[in-house]
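First comes the structure, then the notes that go with it.
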Amino acid sequence: MVGLQCHCYHHEQMDLSVSAEKLEFKFPLTVSCIHFIASAIGAYLVIKVLKLKPLIQVDPEDRWRRIFPMSFIFCINIVLGNVSLRYIPVSFMQTIKSFTPATTVILQWLIWKKHFDWRIWAALIPIVGGILLSSVTELSFNMLGFCAALFGCIATSTKTILAESLLHGYKFDSINTVYYMAPFATMILAGPAMVLEGPGVTDWLLTCPSLFSSLVIIFGSGVLAFCLNFSIFYVIHSTTAVTFNVAGNLKVAVAFTCSWLIFRNPISVMNAIGCGVTLVGCTFYGYVRQMLSNQTPGAPALPHTPRSKTELLPLVSDKLDSKV
């Protein structure tokens, strides 16, 4: 298994794994725990020490009912990413992950009864199809890896939908989301990490030739993970779950393009066509979102989410919300 190719939410965390992979630190669950611990510490410093953001007090019942499920799905997403990357190449996984914007829309439509304008559906066709064209020539099929990646795609969509519900519907913000989510995620992953990777981590600590510099790199990646987790929730808070996942596909197309323009890495004609189609689709999606947001006040807002009285209740009461 390739070490530290973990945190598979649109492959952002794979960038944090490169240095540690060269250290032969092949313990993805342990690194995930370190990343979440760093995220918890970072959020604590921002809220409690630097006081850049007030702490939103949340009842324990609400923490388990509304924040824990998102944390659990977050961790499931990481595990599925690890499994899929063990059996299939990144290119194949990226092909499957390209369906994330579509599965996000479908899940919100089927389960959360959220209605989308037909132009949103239409914009998803080139966004998903472009990445498929970019990756289809590099497919290497494995049933276990395929199933893990497919369910990981659904987990990614579910995670972003739950995050959107929390951030948009319950008076929450991105840094408080990290503050409450990271300890839950650490708790979920700590047990499996100790059981499955504990002996290996101990052996690595005893045999590593440059322990101090290696630990600096590993814990440094935790700082980057905190910034990444904060930015993920900030983007979802500022936009929507669908827009966040569309941006993930746009990132892949831009990465292909930049690798060719800047580093002169060769890409096939199919790669180039796929990137172009994705960029056109993302541009069209942005245009549709802007057009819908500028609808006249009398026009029905789309997408529209019918909400029950329970959904309209804030995560915290006004009294608790004022506490720091």
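The values are calculated or read from the model by the stated rules, or taken from the named source; none is laboratory data. Just so it is clear, the structure is predicted and the values come from calculations on it, not from any experiment. When we count neighbours, we look across all protein chains shown, and the Cβ atoms used for this are built from the backbone with ideal geometry, even at glycine.
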Fill in the blank from the handout: If you go through Ile218, Ile262, Ile267, the only one that is modelled with pLDDT of 85 or more, out of contact with any Lys or Arg (no Cβ under 6 Å at 6 or more places or on another chain) and farther than 21 Å from Thr100 by Cβ is Ile218
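Restricting to region 202-215, and then to whatever is part of a helix (DSSP H, G or I) and surrounded by 14 or more Cβ atoms within 10 Å (Cβ to Cβ), can you tell me which residue is modelled with the lowest pLDDT?
Among residues in region 202-215 that are part of a helix (DSSP H, G or I) and surrounded by 14 or more Cβ atoms within 10 Å (Cβ to Cβ), the one modelled with the lowest pLDDT is Ser214.
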Fill in the blank from the handout: Screening Phe141, Phe92, Phe74 for residues that are surrounded by 20 or more Cβ atoms within 10 Å (Cβ to Cβ), aromatic (Phe, Trp, Tyr) and at pLDDT below 85 leaves only Phe92
Practice task
Filter region 51-85 for residues that are farther than 30 Å from Asn142 by Cα and in a helix (DSSP H, G or I) and give the result.
Solution key: Pro60, Glu61, Asp62, Arg63, Trp64, Arg65, Arg66, Ile67, Phe68
Exercise for the section: Mind counting the residues in region 216-262 that are more than 18 Å from Leu167 (Cβ to Cβ), part of a helix (DSSP H, G or I) and of a type in the set (A, V, I, L, M)? Expected result: 12
Problem - Residue satisfying condition, being closer than 23 Å to Ile67 by Cβ and either at pLDDT below 85 or acidic (Asp, Glu) (or both), within set Lys114, Lys159 - result: Lys114
Fill in the blank from the handout: Of the residues in region 36-51, those that are of a type outside the set (Gly, Ala, Ser) and in contact (Cβ under 8 Å) with a residue 24 or more places away in the chain come to Phe36, Ile37, Ile41, Tyr44, Val46, Ile47, Lys51
Exercise for the section: Can you work out which of the residues in region 54-63 that are surrounded by 16 or more Cβ atoms within 10 Å (Cβ to Cβ) and out of contact with any Lys or Arg (no Cβ under 9 Å at 6 or more places or on another chain) is farthest from Phe230 (Cα to Cα)? Expected result: Asp62
Problem - Single residue of region 56-92 satisfying the filter (among the acidic types (Asp, Glu) and in contact (Cβ under 8 Å) with a residue 60 or more places away in the chain) that is farthest from Glu164 (Cα to Cα) - result: Asp59
